[in-house]
Amino acid sequence: MGNQVEKLTHLNYKEVPTADPTGMDRDEGPRIGVSYIFSNDDDELEQQQDSVHDLGGENPALQPYDPQLHEVECSVYYRDECIYQKSFSEEDMLPEEGDEGGGGHLSTYTPENLLNRCKPGDLVEFVCQAQYPHWVVYVGDFQVVHLHRLEVVNSFLTDASQGRRGRIANRLYRYKPLSPAVVVRNALEQVGCKDRDLSWRNSECFAAWCRYGKREFKIGGELRIGKQPYRLQIRLGDKRSHTLEFQSLEDLIMEKRRNDQIGRAAVIQELSSHLQAAEEEEEEEEDHHHHPGARTAVE
């Protein structure tokens with residue numbers, strides 16, 4: 001297969017074996033969420049970015065954007081440890097300490113406003129409805145380093161935003177961060193890296209690697225064998241969630257980003273259809289078990 005690159009697409013949840021919808025493990029057998037071994041979602045992101053400024057002629061950063069309406073609440077676990085969480089709980093929406101006039105850590109701001117909030121070593125996530133999030137590393141002097149069109153580049157934050165709103169994303173992943181100086185150095189050392197020399201599939205993996213230094217964010221950083229140690233828990237509503245299991249963090253991030261791109265309503269609809277179909281299949285199996293002649297009568 002060599003360096004050949006293929007595009008794999010994830011069709012729907014019904015075609016993918018998942019963990020039990022209730023979140024309870026019924027057995028110890030291997031289960032897979034979905035694998036994106038040869039996929040790169042930033043290619044699709046760039047195709048969409050060209051039309052960002054065509055949204056009715058308005059700057060998307062100035063258009064209303066409600067994270068709770070468009071984004072999916074989820075948690076990521078490695079075995080029993082929570083390593084990522086996006087939650088719109090009251091605690092998460094409270095202003096951060098020392099940030100007068102600001103919102104919670106998931107609040108979004110215009111690129112110009114972000115410049116007043118960023119410190120070197122911060123991660124910034126730019127968001128917009130129906131697009132993949134774009135992550136960058138702020139390195140100071142109004143500049144960021146990010147993976148853009150299959151190349152690590154140094155840009156001004158306002159240019160990298162493509163006019164989208166953004167947030168400082170330091171609190172989403174729960175790994176211990178490297179020092180700001182090391183984060184900046186990691187980012188700057190990769191500027192110019194492109195195409196087949198890249199070690200990351202998307203801007204989020206690159207930015208997170210710069211800040212946390214973990215090989216799990218790199219292409220092939222983990223072997224995809226054995227039981228799936230990563231779980232993506234998607235919250236569907238009050239006390240309802242659905243869990244997918246993955247062999248690598250890289251694969252999980254690809255699925256999480258796909259959910260961000262299609263939006264909360266589409267994810268809930270997709271999962272609800274899958275869960276309803278699964279429940280109907282279980283009911284049919286139970287009916288057949290209790291009434292073995294029922295199937296024969298239908299036939």
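The values are calculated or read from the model by the stated rules, or taken from the named source; none is laboratory data. These figures come from a predicted structure and were not determined experimentally. Neighbour counts run over all protein chains shown; Cβ positions are idealised from the backbone, glycine included. Areas reflect the complete protein model, heavy atoms only, side chains present, ligands, DNA and RNA absent. Shrake-Rupley method; radii C 1.70, N 1.55, O 1.52, S 1.80 Å.
Residues checked against (1) small (Gly, Ala, Ser); (2) free of Cβ contacts under 8 Å to residues at least 60 places away in the same chain; (3) within 30 Å of VAL153 (Cβ to Cβ):
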site	(1), (2), (3)
GLU204	no, no, yes
TYR212	no, yes, yes
ARG231	no, no, no
GLU245	no, no, no
ARG257	no, no, yes
ASP260	no, no, yes
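GLU270 falls short of the stated requirement of being surrounded by fewer than 18 Cβ atoms within 10 Å (Cβ to Cβ), more than 28 Å from ARG79 (Cα to Cα) and modelled with pLDDT under 95.
Which ones in the stretch 187-231 are among the polar types (S, T, N, Q), open to solvent by 20 Å² or more (accessible area, probe 1.4 Å) and in contact with a strand residue (DSSP E or B) (Cβ under 6 Å, 6 or more places away or on another chain)? Hit for the stretch 187-231 is GLN190, nothing else.
Put simply, of ARG171, ARG185 the only residue that is touching a residue at least 12 places away in the same chain (Cβ under 8 Å) and either of a type in the set (D, E, K, R) or assigned to a helix (DSSP H, G or I) (or both) is ARG171.
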